[in-house]
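The values are calculated or read from the model by the stated rules, or taken from the named source; none is laboratory data. In this text, all values refer to a predicted model and were calculated from it rather than measured experimentally. Cβ sites come from the backbone with ideal geometry, for glycine too, and all protein chains shown count toward neighbours.
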């Protein structure tokens, strides 16, 4: 019945997210315990044992509490959480990402952690990661697990191209791309436009995305240079033409097929390469994330939020902080091969000691963790973020196809965004 109910409420209007009166009441079990509902995104079955142990431990500390864990497929989460909040049937705690959560925060539907969580508790998290959940003056979620991209590269292709080191900057990446294409006929890399990766690279090159008043900040000399970087690579045929139509999955496929020398992605994708292309995995190595003149590193952050509609907010906040404390984040990271968002958990030797003859998986974890202090969500939560990304990528593609100059394209993108704002 629960899932048919969820399907029914998907048709409810979303304009009432911040204004609807909740119909949810505190749930009391027959034994007199207060039950809270916790939604996650696609963590079953990998985390079944972890969650069972964590919920059991929380129950020992809070004997009058009961936690019901509901796992939602990634592709369904955004619609389900929007619909559930609109209808007053939201969970008490939900695992989202900043992009999903921003849509709820815009409607004032989430508890402000800046006021709900004591200052000393806020200080447990990396300050740059904490900011990933901020929209204006509101902090709409607690950071949970984190990933920072690394550079996975094919040693054989680099050797054949006469290169001894992987690039660390986008300027070095151009040189490597030219040499790899000339010597092997392969492409060096393929950043993708189905997410924010190309946009992040522009920020790493020094482009200011938005001004403090949310107007376009990218139509500058630095922004034009970042646009031209990608247009020039496309015109010189140093990146695959699929960059116009394909996404991250295609980049992984090309790397696994030995057609790409570099894959800029999360460390977890090493396992996918090992499973699908063991011969490529054998010649793969890991290096630091490629960046621009700013030295900025990108981070992807998952969070936990507490909807305002929860009738057990105090208990929900207790569970959210318990879930994201140092000990539990460290345990979670060892299962997920992710990084913690708390400073103390990340200081554990698990993230810093590299044994002799370590596997690429271990090396990737150490490199990824070493970047945490410098990493941030380079595309912060802003209203209409998806529209901003779409506008910039559409204009960039027109410049790549020579339908506009780079300068014309970036100027048009700025005009379109400012009109939207």
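Quick check on this structure: which one of 81, 85, 152, 129 is more than 16 Å from the chain's Cα centre (by Cα), within 25 Å of residue 370 (Cα to Cα) and crowded, with 24+ Cβ neighbours inside 10 Å?
It is 152.
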*Only one of 181, 131 is in the same structural domain as residue 331 (by TED's automatic domain parsing), part of a helix (DSSP H, G or I) and touching a strand residue (DSSP E or B) at 6+ places or on another chain (Cβ under 9 Å); which?*
131
*asked:* Regarding region 74-94, can at least one residue be identified that is out of contact with any strand residue (DSSP E or B) (no Cβ under 9 Å at 6 or more places or on another chain) and at positive phi?
replied: yes
_Count - residues of region 134-143 that are part of a strand (DSSP E or B) and either at pLDDT 95 or above or more than 17 Å from the chain's Cα centre (by Cα) (or both)_ = 4
*Report yes if some residue within region 284-294 is at pLDDT 95 or above, surrounded by fewer than 22 Cβ atoms within 10 Å (Cβ to Cβ) and assigned to a helix (DSSP H, G or I); otherwise report no.*
no
*Taking region 375-410 as the region of interest, how many residues are surrounded by fewer than 17 Cβ atoms within 10 Å (Cβ to Cβ) and farther than 26 Å from residue 107 by Cβ?*
7
*Kindly indicate whether any position in region 146-154 is assigned to a helix (DSSP H, G or I) and in contact (Cβ under 8 Å) with a residue 60 or more places away in the chain.*
no
*Can you work out which of the residues in region 47-84 that are touching a helix residue (DSSP H, G or I) at 6+ places or on another chain (Cβ under 7 Å) and part of a loop (DSSP other than H, G, I, E, B) is nearest to residue 104 (Cα to Cα)?*
47
*Within region 253-272, considering residues that are in a helix (DSSP H, G or I), modelled with pLDDT of 95 or more and out of contact with any strand residue (DSSP E or B) (no Cβ under 6 Å at 6 or more places or on another chain), the one farthest from residue 180 (Cα to Cα)*: 253
*Could you look through region 197-252, keep only residues that are without any contact (Cβ under 8 Å) to a residue 60 or more places away in the chain, more than 18 Å from residue 413 (Cα to Cα) and in contact with a strand residue (DSSP E or B) (Cβ under 8 Å, 6 or more places away or on another chain), and pick out the one that is surrounded by the most Cβ atoms within 10 Å (Cβ to Cβ)?*
252
*Tell me which of these residue 311 doesn't satisfy, since it passes every other one: (1) under 23 Å from the mean Cα position of the chain (by Cα); (2) part of a loop (DSSP other than H, G, I, E, B); (3) modelled with pLDDT under 95.*
(1)
*Of 238, 233, which residue is on the phi < 0 side of the Ramachandran plot, assigned to a loop (DSSP other than H, G, I, E, B) and at pLDDT 95 or above?*
238
